[in-house]
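One structure is given below, encoded as structure tokens.
Readers should treat all values here as calculations from the given coordinates under stated rules, not as data from a laboratory. Quick caveat, the model's predicted, so the values are computed rather than measured. Ideal geometry is used to build each Cβ from the backbone, glycine not excepted, and the neighbour counts take in all protein chains shown.
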2 protein chains.
Amino acid sequence: MIDELMKRIEEKGNPTMVGLDTTLELIPRELVQQHQGTCGDPIEETLQAILAFNKEIIQYIKDVVPAVKIQVAMYEQYGWQGIRTYQETIDDAKKQGLMVVGDIKRGDISSTAEAYSSHLGGITLNHMEMDLWKEDWITVNPYFGTDGMNPFLQKCRTHGKGLFVLVKTSNPSGKEIQDLVCGNQKVYEVIGDLVEKWGMPLRGRYGYSSVGAVVGAPHPEQGAILRKSMPHTFFLVPGYGAQGGGGISLKSYFDKAGKGAVIHSARGILGAHSHDKRYVWNQFGEAAREAALAMKKEVTRYL
Amino acid sequence: MIDELMKRIEEKGNPTMVGLDTTLELIPRELVQQHQGTCGDPIEETLQAILAFNKEIIQYIKDVVPAVKIQVAMYEQYGWQGIRTYQETIDDAKKQGLMVVGDIKRGDISSTAEAYSSHLGGITLNHMEMDLWKEDWITVNPYFGTDGMNPFLQKCRTHGKGLFVLVKTSNPSGKEIQDLVCGNQKVYEVIGDLVEKWGMPLRGRYGYSSVGAVVGAPHPEQGAILRKSMPHTFFLVPGYGAQGGGGISLKSYFDKAGKGAVIHSARGILGAHSHDKRYVWNQFGEAAREAALAMKKEVTRYL
């Protein structure tokens, strides 16, 4: 899976991805209104607007980025209907040729992680394998340690999928636990070492493994340290734009060849239409495309 | 919320709960077969069997236990249809007068945690508040620290709900991260202190707060230490039975008055019918009830 992601980044000359973390606030009011009153269920109508928005964004960015990341929480807040929209968004992104990172941050004991690993490996019913979720990658929370990770790692091997494990998160309070000093390492560095170990049997042809890490963008100096200590781990770097990271500080997440990381932005791309007066409301796709191209230019400028 | 849980534990004389972590392996084959071929969609048919099983279990245990815990992963593996069954199971448990702990172990940065907190606070659409999930409590993962917890804590205050925060998990590898020594504390003890702090504004009349902790049962000596250092934190103790904990070792999780903890078992109760020859397949409800009563007796014997 890592080779495929790196190939697509190379082809598009673009180590960034767009987050379809779609909330009502990001969608033009007019689009929401178009769907109001169509079926009498406000949840269903809202989700129709969200799906229409996502599909349009996908059309406009599909030749720009190698992958999209989809934050399941933004869909889960609408209950099972929202989860259906999450799955429909994945379906559409895959049909349009994009890789999909399911940002689900699941993690549990092994029997439960086995059930969650259906995100990568599907389920088997009546001897039929069914791939219901279809994510290529998912994000996972490592708090349960190796036995909680094993079902996910197993699916990476058997189904050619990939993981991004939370190592250093982009929010201010992340340090309360992640930066605790244990002997001569911080907690997130210990987890970094575990991620390197978990990825060892899953290394691809460029030396990186299908077990990547989430490393937050507001911490470039920590990024540089982790880049060095995790030479086989590909980084997913959130927090570009809206969360404060950007520009030259992103360089530290990449290796000397300008590889080894993919930068992610959601709100800055999806909401581009609302802070650029050149666009009328139904040009939100064009606005997102331009913002995605600007992110590509900004990120690749320093590599 | 904590006062309500403690009141119900008192009323039923039973500090245990049953986990509706329902998998196909736990359901009598005959029940599954009854639903096969009814609608042509194997996912839908499987979920009908799971829901029928859950409803029967709920009928048989509703006067025995104060609450059920529902592991969302067992439903999520079936995609959006599974999530619908998860919500239907919650609905039924609440209608039958049980409290519900949603075992979802979510956790993320604050904007995302805000979306996840809909599990406790519902969502507002067109100025209408809608409570789609209806859990009374949820489990959460603390890896993001205070700002990732704030949306959940906020919903506890505004909607009278409760949390169980992962502190010490019951699986063997949990120690890889949780038992790291930072200064004079282990990571899980640092998190324990955070949980005490987060719960301070949410303390009820018995001194315990609505911010509880998940503390795994195979670690009674750690349970005793945490019981002492977290005097205001109610414990959810998983791992009774199937995961190895049980009997007198559980005593350490309770305070001197025999309060402060609730013990949880899933597989041992749901699967009771399959290892007791007195029951034919459609008596799985009776078998579960007897197993739940045995758990109650075993746990209360030492308090």
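Order these peptides, A:21-27, B:44-50, by their mean beta-carbon neighbour count within 10 angstrom, highest first.
Values: A:21-27: 19.6, B:44-50: 21.1.
Highest to lowest by the protection proxy: B:44-50, A:21-27.
Using the charge dipole of chain A (Lys, Arg: +1 at Cβ; Asp, Glu: -1 at Cβ; taken about the Cα centre), state which of A:Ser274, A:Pro172, A:Tyr116 has its Cα farthest towards the positive end. With unit charges placed on the Cβ atoms, the residue in question is A:Pro172. The distance separating the Cα centre of segment A:252-289 from that of segment B:9-78 comes to 44 Å. Label-point spacing at B:Ser274 relative to the other copies reads 4.9 nm, in ascending order, each point sitting 7 Å out from Cα along Cα→Cβ. So, with +1 on the Cβ of K and R and -1 on the Cβ of D and E, and no other charges, what is the size of the charge dipole of segment A:2-300 about its Cα centre, to the nearest 20 debye? Here the size comes out at about 980 debye.
Mean partner shielding of peptide B:136-148, defined as the number of other chain Cβ atoms within 10 Å of each residue Cβ, is 5.
In this structure, the pairs whose alpha-carbon distance is over 26 Å, taken from A:Lys69/B:Lys197; B:Lys105/B:Lys297; A:Lys168/B:Lys161; B:Lys7/B:Lys161, are A:Lys69/B:Lys197; B:Lys105/B:Lys297; A:Lys168/B:Lys161.
Eigen-decomposition of the gyration tensor built on the alpha-carbon atoms of segment A:104-220 gives equivalent ellipsoid semi-axes of 27, 15, 13 angstrom, largest listed first.
Taking amide H as placed 1.01 Å from N in the peptide plane, the amide H of A:Val214 sits under 5 Å from that of A:Val165, A:Leu166, A:Val167, A:Lys168, A:Leu236, each at least 5 places away or on another chain. Go ahead and set up a Gaussian network model of chain B, Cα springs under 10 Å, then flag whichever of B:Pro201, B:Pro172, B:Pro238 fluctuates most. So, out of B:Pro201, B:Pro172, B:Pro238, the one fluctuating most is B:Pro172.
Compute the whole-percent fraction of alpha carbon pairs in segment B:195-303 spaced more than 18 Å apart. List each step's numbers first, then the result.
Details: 3088 of 5886 pairs.
Tail of P(r) above 18 Å: 52 percent of Cα pairs.
Enclosing the Cα atoms of segment A:73-112 in their convex hull gives a volume equal to 93 cubic angstrom per residue.
When Cβ neighbours within 10 Å are restricted to other protein chains, what is their mean count per residue of peptide A:110-123? Could you put the intermediate results ahead of the total?
Details: counts 3, 10, 10, 2, 4, 11, 6, 2, 6, 4, 0, 1, 2, 8.
That works out to 5 on average.
Highest mobility in the GNM of chain B, judged by mean-square fluctuation with C-alpha springs under 10 Å and restricted to B:Asp41, B:Asp91, B:Asp108, is found for B:Asp41. Each copy carries a label point for B:Glu129 at 7 Å from Cα toward Cβ; from one copy, the others' points are 4.7 nm away, ordered from shortest. Could you tell me which of A:Val215, A:Leu31, A:Gly82 has its Cα farthest along the dipole of segment A:2-300 towards the positive end, charges placed at Cβ (Lys, Arg +1; Asp, Glu -1), taken about the Cα centre? About the Cα centre, the residue reaching furthest to the positive side is A:Val215. Selection among A:Pro201, A:Cys182, A:Thr300 by position relative to the dipole of segment A:2-300 gives A:Thr300 as farthest towards the positive end (Cβ unit charges, Cα centre). The value obtained for segment A:2-300, namely the Cα convex hull volume divided by the number of residues, is 134 Å³ per residue. Here the scattering of segment A:136-189 is modelled by Debye summation over its C-alpha atoms, one equal scatterer each and no solvent; at q = 0.22, 0.23 Å⁻¹ the log10 of I(q)/I(0) is -0.87, -0.91. For B:Gln36, inter-copy separations between label points set 7 Å beyond Cα along the Cβ vector come to 5.0 nm, shortest first. Note on the protein assembly as shown: along the principal axes its Cα atoms extend 69, 58, 46 Å, ordered by decreasing extent.
Just tell me how shielded B:20-32 is by partners: mean number of partner chain Cβ atoms within 10 Å of each residue's Cβ, no decimals. Please list the in-between numbers first.
Numbers: counts 0, 3, 0, 3, 2, 0, 0, 0, 0, 0, 0, 0, 1.
Mean shielding count: 1.
Rounded to the nearest 20 debye, the dipole size of segment A:133-224 about its Cα centre is 400 debye, using +1 on the Cβ of Lys and Arg and -1 on the Cβ of Asp and Glu. If you find the alpha carbon centre of segment B:150-188 and of segment A:151-202, how far apart are they in angstrom? Rounded to whole Å, the Cα centres lie 18 Å apart. Among B:Gly271, B:Gly239, B:Gly79, which one shows the highest mean-square fluctuation when chain B is modelled as a Gaussian network with alpha-carbon springs under 10 Å? Comparing B:Gly271, B:Gly239, B:Gly79 in the GNM, the peak value goes to B:Gly79.
The radius of gyration of the Cα set in segment B:50-167, together with its Dmax, comes out at 14.4, 41 angstrom.
Percent relative contact order of chain B, based on C-alpha pairs within less than 8 angstrom and at least six residues apart? Intermediate values should be presented prior to the final figure.
On the way: 567 pairs, mean separation 58.2, N = 303.
Relative CO of chain B lands at 19 percent.
Are there trypsin sites (Lys or Arg not before Pro) in segment A:209-303 that DSSP puts in a loop and that have at most 10 other Cβ atoms within 10 Å, and which ones?
Of the trypsin sites (Lys or Arg not before Pro), the ones in loops of segment A:209-303 whose Cβ has at most 10 other Cβ atoms within 10 Å are A:Lys256, A:Lys277, A:Arg278.
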